[in-house]
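Here's the structure, in structure tokens; my notes come after.
The values are calculated or read from the model by the stated rules, or taken from the named source; none is laboratory data. Note that the coordinates shown come from a computational prediction; the quantities given were computed from them, not determined experimentally. Here Cβ is always computed from backbone atoms with ideal geometry, including for glycine, and neighbour counts include all displayed protein chains. For the accessible areas, the whole protein counts, side chains as well, though only heavy atoms, and no ligand, DNA or RNA atoms are used. Shrake-Rupley method; radii C 1.70, N 1.55, O 1.52, S 1.80 Å.
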Amino acid sequence: MRIAILGAGAVGGALAGVWVKAGHQVVLAARDPAAEKVRDLAARTGASAATVAQAVAGAEAVLLATPWPAVAEAVAAAGSLAGRILIDATNPLKPDLSGLDVAPGSSGAAYIASLAPGAHVVKCFNQTGWENMAGVHFPTGQAVMFVAGDDAAAKAAVRGLAREADFEDADAGGLAAAALLENLAMLWIHLMVKQGAGRSFAFGLLHR
Ligand SMILES: NC(=O)c1ccc[n+]([C@@H]2O[C@H](COP(=O)([O-])OP(=O)(O)OC[C@H]3O[C@@H](n4cnc5c(N)ncnc54)[C@H](OP(=O)(O)O)[C@@H]3O)[C@@H](O)[C@H]2O)c1
């Protein structure tokens with residue numbers, strides 16, 4: 001799959017490496033593709049780097065992994081995403097990480113969907129730390145990654161991308177469930193920041 005990564009930072013970099021290894025064609029969509037840190041990341045992961053418009057032009061899927069305040073600008077720079085998969089890995093965090101900056105019951109993903117008419121928005125890769133996204137083995141079991149979206153084919157494709165990052169992929173339902181996944185991210189952040197849990201844990205699912 002041709003994947004553009006909009007937000008070539010911690011999350012984008014971790015997933016770029018995983019998806020290049022899995023055989024995808026990955027482009028880092030950067031404001032300044034010639035910047036040293038973008039070139040370093042491209043060299044480290046095997047992805048290429050391009051401007052946002054160039055990278056998104058040929059992409060079947062776009063990973064949105066910018067800081068929350070940059071989301072509107074980044075989606076606008078991408079141009080039309082109609083008919084394409086837009087994977088929303090962002091969390092609408094308040095600047096002090098004390099909670100989510102959206103109305104109760106709403107979600108960052110709903111806002112992003114409103115910015116990208118016709119895109120198949122899928123919420124994923126927001127629920128754990130970036131260090132857990134680079135194909136990590138947990139000795140006590142497999143980490144889970146919930147996936148929420150309204151388009152069945154887009155969600156199936158993103159579930160495959162989650163499996164390639166060594167997650168157990170789990171269907172959380174339609175995009176309305178993104179609100180739950182953003183709260184799950186908030187729990188992970190709360191445990192990490194307030195409870196001293198560190199960053200090397202992830203949530204898993206038990207089955208019987
Ligand atoms: N960090 C985590 O563990 C984690 C886990 C799950 C989800 N998330 C969520 O994922 C998102 C990204 O987090 P991160 O930690 O990966 O952030 P990060 O390391 O700060 O990287 C963000 C990237 O976005 C780029 N960016 C900023 N504004 C942009 C714009 N307008 N257009 C294109 N690119 C732009 C930045 O590039 P410049 O150099 O151009 O500024 C930077 O490369 C956040 O919404 C966060 O809540 C983070």
For Leu97: the one exception among (1) within 11 Å of the ligand (Cβ to nearest atom); (2) outside any loop (DSSP other than H, G, I, E, B); (3) exposed (fewer than 15 other Cβ atoms within 10 Å of the Cβ): (2)
I need the full set of residues from the range 131-145 which are within 14 Å of the ligand (Cβ to nearest atom) and without any contact (Cβ under 8 Å) to a residue 60 or more places away in the chain, in order please. Met145
Can you name every residue in the range 72-94 that is within 13 Å of the ligand (Cβ to nearest atom) and open to solvent by 60 Å² or more (accessible area, probe 1.4 Å)? Glu73, Ala76, Lys94
Pick out the one residue from Ala185, Ala202, Ala162, Ala177 that is in contact with a strand residue (DSSP E or B) (Cβ under 9 Å, 6 or more places away or on another chain) and farther than 23 Å from Gly9 by Cα. Ala177
Given the condition open to solvent by 50 Å² or more (accessible area, probe 1.4 Å) and within 15 Å of the ligand (Cβ to nearest atom), answer yes or no: does some residue in the range 115-130 qualify? yes
With the first residue restricted to the range 30-58 and required to be farther than 18 Å from Ala134 by Cα, and the second required to be among the basic types (Lys, Arg), Cβ contacts under 7 Å at 6 or more apart or on different chains are Ala49/Arg39; Val52/Arg31; Gly58/Arg2
